[in-house]
Structure formats: C-alpha cells, structure tokens
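To keep things clear, I will list the structure first and then write my remarks on it.
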Amino acid sequence: MATPTTTPATMRAVQYDACGGGAAGLKHVEVPVPSAKKNEVLLKLQAATINPVDWKIQKGDLRPLLPRRLPFIPVTDVAGVVVDVGPGVKGVTVGDQVVAMLNSFNGGGLAEYAVASANLTVKRPAEVSAAEGAGLPIAAGTALQALRSIGAKFDGTGKPLNVLVTAASGGVGLYAVQLAKLANLHVTATCGARNMDLVKSLGADEVMDYRTPEGASLQSPSGRKYDGVVHCTVGVSWSFFQPLLSDAGRVIDITPNLSAILTSALHRVTFSKKRLVPLLLSPNKADLEFLVGLLKEGKLKTVIDSKFPLSDAGKLVLPKNLHTDSGGEYLDVIIQTSHLCVCLLG
C-alpha cells in the first residue's frame, strides 16, 4: 500500500442541517477530514458536479430516504487526487488523478476532501480535466444506460435506430446526444431556442425549440417514428408519446414518478411491444471507465458554461439562486447549462 500524503485535520465544506431551507440553510463549515476505511480511498477534491438530485435532496423531496442523516454535505460526482487508500484497495494508489462517484447516502462532494469507494473510482488521464471528469458519473452514466435500454450499441454492431432526446441541453441530454451519435443513431432533440446551436454542434440531426408548436408536438420534422426516447424532462404523459413510437419503441423515463412505474408494470404484464421504462442509474466502474475513455479520445465532451467562487457555492444547490460573480476564490463552481460543477482549483 502506498504511503498516504500528509492531510490536515480539518477541511472546509458546505453543509445543511435541515431540508427545505434553500440557500439560507446552507453553511460554510470547518469539519474533520474523513478517513478511508476498507475498500475506500481518500480524495483531495478538484471538482464536483451538482446534479438536479442534489437540490431535490436539499429541498426534502426524497425524504425519508435521503439524506440519511443530518447535517449533510451534498454532492456525489467528483474528481480529485488520491491522498490515502484503505485496506483491500487495488488498482489505484496515492497520487493518482481520478474520477469517482461518492455514496449517495453519505454525499460529501462540497468539501476539500471526501471518501469514495474504490469500486466507483477510476483513473483520470492527463487529457481529461477534473471539471470534465466530474461531470460524468450521474449525467453521462444515466445517458449511457438509457441508450443501452433502447438498444444502442457502441461497438459498431448496433442497428441505426431513431431516438428522441428531450431537454437535450440539460446535463443528461447533452451527453445523450453525443453518445447516441457515437452509436450511429439518428437523433431528434428538443431544447430552448438559445441552446439549439449547441445541441446541433454536438451532433443532433434535428433540433426543435420546445416552446414552439412544432417542438411541443415532439414529432420528428422528417416524419420518423422513434425507436427510443431518452426522456429528460417531466410533464409529458405516456399517451402523448405512444403514437410517436415505432412498433417496439421505448420511452426511457429518467425521472419516473409513481404513475410511470405503474404504467411500466402494466406494459410488462400485458407484453406490450411499446413500453415505458423507468430508469434509475446503476453506478458501476466499467461504465465510468468507458466514459472517461471517450473523453480522453475526444469522442465525448463535458459542456462547461461559467464559474462561481466558493463563497457562492452553497447558493448553487438551488438553481434559482445562481450568482455570476467569478472572483478569485480557491474553490470555483462550474455550471454546464442546467448542470452544475464545483471545481476545487488547488
């Protein structure tokens, strides 16, 4: 086992003591640096992405499941350098630059140090920046698994399917468009007017402004039926999608509610060819390694929009509180369209 580097006894972090308090409920605190236990690594963080689930947890939308206990340091998607390894860890050593997904129950990403499972920690090559890598675990992982659920393959053996990506300028959507093109799929996408050029630049074949009648209809401008839909938004019913699908088309719902789960169960028991499929991310090391490799090869990109200082990091857990001051603080927050990153620039 490699010799751990010297770490301080305490670290800076952003946490909240109760759910639903908004920006006012988040506190900048000094807390003990955690320690790596069996099959864990201690990371000095360089970047951490804030996902929509993070502010849902803060609002209390996922109680009583998350957060498991308070006070809670939010965020799970991180990049950093390994400064210590616990017993049983193989494949990563002290000094390695890595991308990791922290345990959802424990969080810990809005801090200077965090503990990650070695099973969800992968090496980050020099070609991939910390901010780029930190965007991957939830957003790109969800996009990848959604596309595989539709039937996309990334080894050149897949069929040329037609897919729709809704909310394509969001965190999952931006990755889904790129990954779909890598799988040789025809991509129709919806987003706001200001992001249409961005989504086109990432490879989408057809892009529609969701605020227009044409975009709201979700119909392919070229008349194609969809073999799959990566549904990244809310408020669209199964009955609306059904006539847009091919005979065996699937809608992959990445934010499923009870109605979606019940509809999916009905489709299974009735052996329906057209199906609604709720998707909850199943994090795994192989997917994360695959995605990091695509970034290294320049086949995938993380879209980074702007930066924020540590003094505003707490406000960014709720999107409506975004602040644009980008002063010279040690910890910066990076926003990717509707996807947020905290970048520790040590």
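Just so it is clear, none of the values below were taken in a lab; they were calculated from the coordinates. Model, not experiment: these values are computed from the prediction. Glycine also receives a Cβ, built like all others from the backbone with ideal geometry; neighbour counts cover every protein chain displayed.
For Val229, nonlocal amide neighbours, meaning residues 5 or more places apart or on other chains whose placed amide H falls under 5 Å from its own, are Leu164, Arg250, Val251, Ile252. Restricting the calculation to Cα atoms, segment 1-92 yields a radius of gyration followed by a Dmax of 15.0, 43 Å.
Short-range pairs are left out: with C-alpha atoms under 8 Å and at least six residues apart, the relative contact order of segment 174-213 is 43 percent.
Electrostatic bookkeeping for Lys159 treats Lys and Arg as +1 and Asp and Glu as -1; over the other residues with beta carbon under 9 Å from its beta carbon, the sum is 0.
Averaged over residues, the count of other Cβ atoms within 10 Å places the peptides 281-291, 183-193 in the sequence 183-193, 281-291, highest first.
Note on segment 38-56 and segment 78-153: Cα centroid distance 8 Å, given to the nearest whole angstrom.
Annotation: peptides 43-52, 254-263, 96-105, ranked by per-residue average of other Cβ atoms within 10 Å with the highest first, follow the order 43-52, 96-105, 254-263.
A simple spin-label model places the labels of Glu127 and Thr7 3.0 nm from each other, with each point 7 Å out along Cα-to-Cβ. What is the helix-to-structure angle for 171-182, meaning the angle in degrees between its Cα long axis and the longest Cα principal axis of the chain, kept from 0 to 90 and rounded to the nearest 10? Around 60 degrees separate the two axes.
Using only C-alpha atoms and all pairs of different ones, pull out the Kirkwood radius for the chain in Å with one decimal. Taking every pair of different Cα atoms in the chain, averaging 1/r and inverting gives 20.7 Å.
Counting 0.36 nm for each residue step from Lys299 to Lys27 and taking away their Cα separation leaves a gain of 94.1 nm.
Counting only DSSP beta bridges whose two residues both lie in the chain, roughly 70 percent are antiparallel.
Placing +1 on the Cβ of each Lys and Arg and -1 on the Cβ of each Asp and Glu in the chain, which of Gly25, Thr157, Ala248 has its Cα farthest towards the positive end of the resulting dipole? Selected residue: Ala248.
Across segment 139-278, Cα pairs under 8 Å and at least six residues apart give a relative contact order of 21 percent.
Rounded to the nearest 20, the size of the Cβ-charge dipole of the chain about its Cα centre is 920 debye, with Lys and Arg at +1 and Asp and Glu at -1.
Based on C-alpha pairs under 8 angstrom that are at least 6 apart in sequence, the chain has a relative contact order of 17 percent. Among Gly25, Gly109, Gly293, the largest mean-square fluctuation in a Gaussian network model of the chain (Cα springs under 10 Å) belongs to Gly25. Here Lys273 is the anchor, and the aspartates and glutamates within straight C-alpha reach of less than 13 Å, apart from those fewer than 8 places off in the same chain, are Asp227, Asp247.
Charged neighbours of Pro87, selected by a Cβ distance under 13 Å, balance to +1 (K, R count +1; D, E count -1).
If the chain linking Ser237 and Ala265 were pulled fully straight, counting 0.36 nm for each residue of separation and taking away their Cα-Cα distance, it would gain 8.5 nm.
Could you give log10 I(q)/I(0) at q = 0.14, 0.15, 0.19 Å⁻¹ for segment 139-278, computed by the Debye formula over C-alpha point scatterers of equal weight, without solvent? With one equal scatterer per Cα and no solvent, log10 I(q)/I(0) is -0.56, -0.65, -1.07. Full extension of the chain between Lys273 and Asn119 yields a length gain of 51.8 nm, computed as 0.36 nm times the residue separation minus the alpha carbon distance.
Using a cut-off of 13 Å between alpha-carbon atoms, which aspartates and glutamates can reach Lys59, once sequence neighbours fewer than 8 places away in the same chain are excluded? Within reach: Asp17.
Where nothing but the Cβ of Lys and Arg (+1) and of Asp and Glu (-1) is charged, how large is the charge dipole of segment 139-278 around its Cα centre, in debye to the nearest 20?
For segment 139-278, the charge dipole is close to 340 debye.
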